[in-house]
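Data block below; observations after.
The values are calculated or read from the model by the stated rules, or taken from the named source; none is laboratory data. The structure displayed is predicted, hence computed values, not measured ones. All Cβ positions, even for glycine, are placed from backbone atoms using ideal geometry, and neighbour counts span all protein chains on display. Each accessible area value is taken on the protein alone, full model and side chains, heavy atoms only, with ligands, DNA and RNA left out. Shrake-Rupley method; radii C 1.70, N 1.55, O 1.52, S 1.80 Å.
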Amino acid sequence: MPFASQFLRGPFDLLHYSVLGPLLDRKHILIACMPKSGSTYLSNAVSRLPDFRKATLVQSYGRSEQELSHAQALRKHCYNYVAQHHVKYNDNTEFVLRKFNVAPVVLVRNIFDCVASIRDHIRNESVASPTAWFDEEMRDFDDDKLSSMISQLVIPWYIHFYVSWTHCPDALLLTYENAFADLSGTVTRISEHAGLALPASTIKNSLEIKTDKPDRFNFGVSGRGTALDEATKNTIRQYATYYPHVDFAPIGITS
């Protein structure tokens, strides 16, 4: 098994990949998500499905790009899992999805609202991000200056993310607003996309499971992006003009 041999740590990995995985017919789900799109809350909900867990398929976080790791996917191959990562669709992503039978779900949000949420995140949580480099002093920029910086340095990553996933033929696209308007229905769609046949009662019961660590979900007010200055909005709209064949309506950019 030439591919697997590059990533095996020992006979237990080989047993997982070559024997137990195919026999157990495990289900794998990737939630590829825009930052600040409620992905942690959604992946936690999916992880409470029967015999499911959260999994990490990347080597590091922080300022690192969250590229999927072959080795991590191999080691998690024999579990039913949901993984949640800010990862673009590319050759490596496609390879991992196909090699390890991972069902891709893409979670997006209105891109103008994202600017406001990113601004809050930089000020209140962390300046570390794979999308652009921010330093501590940038927390003190006024709203317009910080929004302008985000639109010029961060939003190109978001555009790249979104356009890349339009090239994945079997991705399930979910929007932030619709996904959480009916969480049970959303988890049902995700489970069906992954090939799970679960009755509605099972999904409802799983969502009612209490955990020791409360789910962290700061549901942002939709429409905050309308308050951005026009220069910032126009910068974002301009990016979309380079892709006339792409429908940007799901992320709030309309012609």
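Annotations for the structure displayed:
- As a summary of the residue check, Asn101 satisfies the conditions (1) free of Cβ contacts under 8 Å to residues at least 60 places away in the same chain; (2) open to solvent by 50 Å² or more (accessible area, probe 1.4 Å); (3) of a type in the set (S, T, N, Q) except for the one numbered (1).
- Filtered by the rule that a residue be touching a helix residue (DSSP H, G or I) at 6+ places or on another chain (Cβ under 8 Å) and under 20 Å from Ser64 (Cβ atoms), the range 75-91 gives Arg75, Ala83, Gln84, His86, Val87, Lys88, Tyr89, Asn90.
- Hits in the range 113-144 (condition: free of Cβ contacts under 8 Å to residues at least 60 places away in the same chain and surrounded by 13 or more Cβ atoms within 10 Å (Cβ to Cβ)): Arg119, Asp120, Ile122, Arg123, Val127, Ala132, Phe134, Met138, Arg139, Phe141, Asp143
- When Ile203 is tested against (1) among the β-branched types (Val, Ile, Thr); (2) at pLDDT 95 or above; (3) buried (at least 18 other Cβ atoms within 10 Å of the Cβ), exactly one condition is not met: (2).
- Conditions (1) surrounded by 14 or more Cβ atoms within 10 Å (Cβ to Cβ); (2) part of a loop (DSSP other than H, G, I, E, B); (3) at pLDDT 90 or above; (4) not hydrophobic (A, V, I, L, M, F, W, C): number failed by Tyr41: (2)
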